[in-house]
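Single-structure report; data block below.
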Amino acid sequence: MTSSTNAGPSASSVPPQVATLKQWMAGNEAALKEAGVATIEGTYCGSGDEGQFVGVDVFDAEVRHIAFDVPEEITDAIEALADRLAPSGYENNDGGGGTIRLNTAERTVTHNSYSTVMTEEYDEPEVF
C-alpha cells in the first residue's frame with residue numbers, strides 16, 4: 001500500500017478553460033488590481049429538470065459587488081467550465097448548483113457545488 005498526498009488534479013484532468021482563465025488573469029493583472037477586482041464568480045443552478053448558467057459577478061477584497069466589464073470570451077470560458085464541472089443531474093428534482101471562482105491575486109480557479117436535499121420530519125401522531 002502506498003501513501004498519497006493531495007497534490008491536486010493531474011495535468012491531463014484539468015479542463016482547458018482553466019488555462020485560458022489563468023492566462024487571462026496573468027495578462028490582465030495590473031488592470032484587475034487597479035480596478036480592485038479580487039474575485040470573479042460564475043454561478044449555475046437548477047431544479048425540476050432545468051439548469052442554467054446564471055451569470056458572472058465581480059467582487060472586491062471586502063466581497064462587495066463592483067462594476068467591472070468581464071470580457072465576453074472570459075464569461076464564455078467560465079460558463080463552459082461550469083457546464084463541464086457541474087455534477088451530473090444537478091438540475092434534477094430538488095436541484096443544486098455551484099460556482100466557478102477566479103481569485104485574481106492568487107490566479108486560482110475553484111469549483112464548488114451543492115445539492116439541494118429535501119427531508120421530511122414527522123410530528124407525533126394525535127390519537128383521538
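Please treat every number below as a calculation from the coordinates, not as lab data. Predicted, not measured: the structure shown is a model, and the values here were computed from it. Positions of Cβ are generated from backbone atoms using ideal geometry, with glycine treated the same way; all protein chains shown enter the neighbour counts.
General observations
- Thr108 being under 18 Å from Val14 (Cα atoms) and in contact with an Asp or Glu (Cβ under 6 Å, 6 or more places away or on another chain): no
- Of all residues in the stretch 64-107 being surrounded by 14 or more Cβ atoms within 10 Å (Cβ to Cβ) and of a type in the set (Ser, Thr, Tyr), the one that is farthest from Ala35 (Cα to Cα): Tyr90
- Residue tally, condition more than 16 Å from Ala19 (Cβ to Cβ), of a type in the set (Val, Ile, Thr) and either free of Cβ contacts under 8 Å to residues at least 40 places away in the same chain or in contact with a Lys or Arg (Cβ under 7 Å, 6 or more places away or on another chain) (or both), over the stretch 82-128: 3
- Being under 13 Å from Cys45 (Cβ atoms) and of a type in the set (Asp, Glu) holds for only one residue in Asp76, Asp69, Asp94, and it is Asp94.
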